[in-house]
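This report refers to the structure that appears directly beneath it.
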Amino acid sequence: MMKFPQFSMLPFLMVVVMLSLSGTTLSHPHWDFLHCLSLRLANYSTISKVIYVQNNPSYSSVLNASIHNTRFSTPATPKPFAIITPLKTSHVRSTLYCSKKHGFQLRIRSGGHDVEGLSYVSEVPFVILDLLNFRAIKVDTKNEVAWVQSGATLGELYYAIAAKTNTLAFPAGMCHTVGAGGHFSGGGYGTLFRKYGLAADNIIDARMIDVNGRILDRKSMGEDVFWAIRGGGGNTFGIVLAWKIKLVPVPAVVTVFTVNKNLEQNATKIFHRWQYIAHKLPDDLFMNVWITKVNSSQVGTKTVQATFRGMLLGGVDELITLIQDKFPELGLAEENCNEMSWIESVLYFGGLPLQSVDILLDKNALPTLSLKAKSDYVKEPIPESGIEGLMSMFLEEEADNAVAMIPAFGGKMDEIPENELPYPHRAGNLFEATYIVQWTKEQNAESGKYISWSRRLYSFMTPYVSKSPREAYVNYRDLDLGINNINDYTSYEQASIWGFKYFKNNFKRLVQVKTKVDPMNFFRHEQSIPPLLSPWKKKGN
């Protein structure tokens, strides 16, 4: 009979009983991990709310609740041995301690919009630390700051700000179900980034647990680590529990607009002209273009549509005057425009009904599909022939649910040095282009053809985008760019293949910070920053 050290048996026995009733058989490392965690969590009522193992009736619902890419929720997708949903900081520290001690890789999930599933999938034994209960938000309008925990969604953050004021906002993304933790850790941009920069540019403090279980703030972690967590990617330097953010002023009334142009309405020429103008417009104006396949006016045929959408921090008359002067080719008219509050603009750009802001609290307001994403940065206008080729690819069968999202840069982004934060894609970029192809869960068996289409599109764009390196946005992770050896030593040279695409020369500093704060590379995934040395690096090699 197996003997354990002397300890209060009740909590551990409760775990054993639960597992036995479900018919679970555990190997020694699994027993040891639960043994360790149950000791530290102390009581059954806590255990039942925090630990979900595979045969727990709630395991699948907890796992799938935050997965927004059904490409990674198939029967063949590797599953975590356990999901830990901490209720307080001590639970996070306990999970960290027991994962380290018993050899489990730790994947940290805040919202689940991870496009390559790295926050909840691993090919080696792993557990998920899901921060879904770390979602508190405290807004201080007097000092124009807020504290937001990593598990809160952007929608919850925006809702909390709007509940206090209609003249303060925060410059982050347009999708309300994205988790703050993942979004902030990669940079984060949205409709206000030409005016105020990235979400990460507006973070002024953080609360983090490092690999040794220490709770750190900006002062105690040091400026190098604070620099690294604001754009260097999640699950790399520690577990960021909360962020202190600087709120930014917005007018009580903003003006949004949408103008659709298909191929028969000169979409190609208008987009070509847009490239020369959009990044030079006043920084109070955000503009982007979405390229999609739509129904043509001829029954049974398809065309490609360029949707020009934007927002001015001001009134409709000012917007129309500005666009008619700077970009008359768009043909913007008053019927294309709507004046509204900033919080209503969040609904507008998120594709949500404008009737009630309460929908921002609904994680299931948008459909969940499978997807593959790739990204580029464009520094010189694409010639019309290149745009025509891009548009023609959207007429292919695999592009029925594909989109190219193209926000104009310039404004504040031109003013911030590229080494200010790990996110380096600043001055010199006309726009970023994200290509997303989607398909239904029922089509997952055919996922290869959709992924192949995205790669062909990416290949087609090669002549028209950044070079040496071909830059990419870390919040749209793309494992096609290269991966680490997940359970073996990864050299700086190997990681540089993908690292310089996301971070350019900032990758070198990120590696230095990683080497200092996590030299044994506990926090790791397929594209996490590696240390210069590694526990797997053999002496003399």
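For the chain, what is the calculated [θ] at 222 nm in deg cm²/dmol (nearest 500), taking -39500 (n - 2.57) for each run of four or more DSSP H residues and dividing by its residue count?
Working: 18 runs with 170 residues, N = 541.
Helices in the chain give a 222 nm mean residue ellipticity of -9000 deg cm²/dmol.
Positive end of the dipole of the chain (Cβ unit charges, origin at the Cα centre): among Val316, Pro417, Pro463, the Cα lying farthest that way belongs to Pro417. Summed over the residues of the stretch 306-386 and divided among them, the accessible surface reaches 44 Å² per residue at a probe radius of 1.4 Å. For Leu369, the residues whose modelled amide H falls within less than 5 Å of its own, excluding neighbours fewer than 5 places apart on the same chain, are Thr70. Cysteines of the chain lacking any other cysteine Cβ under 4.7 Å from their own Cβ: Cys175, Cys337. About its Cα centre, the stretch 413-540 has a charge dipole of approximately 500 debye under the convention of +1 per Lys or Arg Cβ and -1 per Asp or Glu Cβ, with nothing else charged.
Please report, in cubic angstrom per residue, the volume enclosed by the convex hull of the alpha-carbon atoms of the stretch 185-314. Walk me through the numbers before you get to the answer.
On the way: hull volume 20.5 nm³, N = 130.
In the stretch 185-314, the Cα convex hull volume per residue is 158 Å³.
Under 5 Å from the amide H of Ile108 lie the amide H atoms of Leu129, each residue being 5 or more positions distant or on a separate chain, with H modelled from the backbone and absent for Pro and chain starts.
How charged is the neighbourhood of Pro353? Take every other residue with its Cβ under 15 Å from the Cβ of Pro353, and add Lys/Arg as +1 and Asp/Glu as -1. Before the final figure, lay out each step's value.
Values: positive: none; negative: Glu344, Asp358, Asp362.
Combined, the nearby Lys, Arg, Asp and Glu give -3.
Our coupling estimate for the stretch 65-78, obtained by passing each phi through the Karplus curve with A = 6.51, B = -1.76, C = 1.60 and θ = phi - 60°, is 4, 10, 8, 9, 10, 5, 4, 10, 9, 9, x, 7, 5, x Hz, Gly and Pro reported as x. To the nearest 10 degrees, how steeply does helix 9-22 sit against the main Cα axis of the chain, on a 0 to 90 scale? Value to nearest ten degrees: 70. When the charge dipole of the chain is built from unit charges on Cβ atoms (+1 for Lys and Arg, -1 for Asp and Glu) and taken about the Cα centre, the candidate among Ala365, Ala267, Pro407 whose Cα reaches farthest toward its positive end is Ala365.
For the stretch 297-312, backbone phi angles converted through the Karplus equation (6.51, -1.76, 1.60; θ = phi - 60°) give residue-by-residue couplings of 5, 8, 4, x, 10, 10, 9, 10, 10, 9, 9, 8, 9, x, 8, 10 Hz, Gly and Pro being listed as x. Summarising the amide proton neighbourhood of Lys302: residues at separation of 5 or more, or on other chains, whose placed amide H is nearer than 5 Å comprise Ser296.
Dividing the convex hull volume of the alpha-carbon atoms in the stretch 369-498 by its residue count gives 131 Å³ per residue. If the segment from Leu479 to Asp140 were pulled out straight at 0.36 nm per residue, it would be longer than the present Cα-Cα gap by 118.1 nm.
Arrange the residues Ile416, Ile204 by how much accessible surface each exposes, largest first, with a 1.4 angstrom probe.
Details: Ile416 20, Ile204 60 Å².
The residues order as Ile204, Ile416, largest area first.
Could you please report the charge total around Leu330, scoring K, R as +1 and D, E as -1 over all other residues with beta-carbon less than 15 angstrom from its beta-carbon? Surrounding charge for Leu330 is +2.
Expressed as a fraction of 2.2 N^0.38 Å, the rule-of-thumb size for a compact globular protein of N residues, what is the C-alpha radius of gyration of the chain? Don't skip to the answer; put the middle values down first.
Values: Rg = 23.9 Å, N = 541, 2.2 N^0.38 = 24.0 Å.
Output field value: 1.00.
Surface composition of the stretch 233-354: carbon and sulfur make up 47 percent of the accessible area, probe 1.4 Å.
Give me the percent of Cα-Cα pairs in the stretch 151-192 that sit more than 17 Å apart, rounded to a whole number. For the stretch 151-192, the fraction of Cα-Cα distances above 17 Å is 24 percent.
Based on Cα atoms of the stretch 458-501, Rg over Rh with Rh as the Kirkwood radius reads 1.02. Among beta bridges identified by DSSP and lying wholly in the chain, the antiparallel ones come to about 90 percent. Backbone phi angles across the stretch 247-264, fed through the Karplus curve with coefficients 6.51, -1.76 and 1.60 (θ = phi - 60°), yield HN-Hα couplings of 7, 10, x, 9, x, 5, 10, 10, 10, 10, 8, 9, 10, 9, 9, 9, 4, 6 Hz in residue order; Gly and Pro are listed as x.
Over all pairs of distinct alpha carbons, what does the Kirkwood formula give as the hydrodynamic radius of the stretch 295-440, in Å? Walk me through the intermediate numbers first.
Numbers: mean 1/r = 0.0541 Å⁻¹.
Hydrodynamic radius (Kirkwood, Cα only) of the stretch 295-440 equals 18.5 Å.
Which angle between 0 and 90 degrees, to the nearest 10, do you get for helix 316-326 versus the longest principal axis of the chain when only C-alpha atoms count? The angle comes out near 70 degrees.
The values are calculated or read from the model by the stated rules, or taken from the named source; none is laboratory data. Being a predicted model, the structure only gives us computed values, none of them experimental. Because the Cβ atoms are built from the backbone with ideal geometry, glycine has one as well, and the counts that use them run over all protein chains shown. The area values use the complete protein model at the heavy-atom level, side chains included, leaving out ligands, DNA and RNA. Shrake-Rupley method; radii C 1.70, N 1.55, O 1.52, S 1.80 Å.
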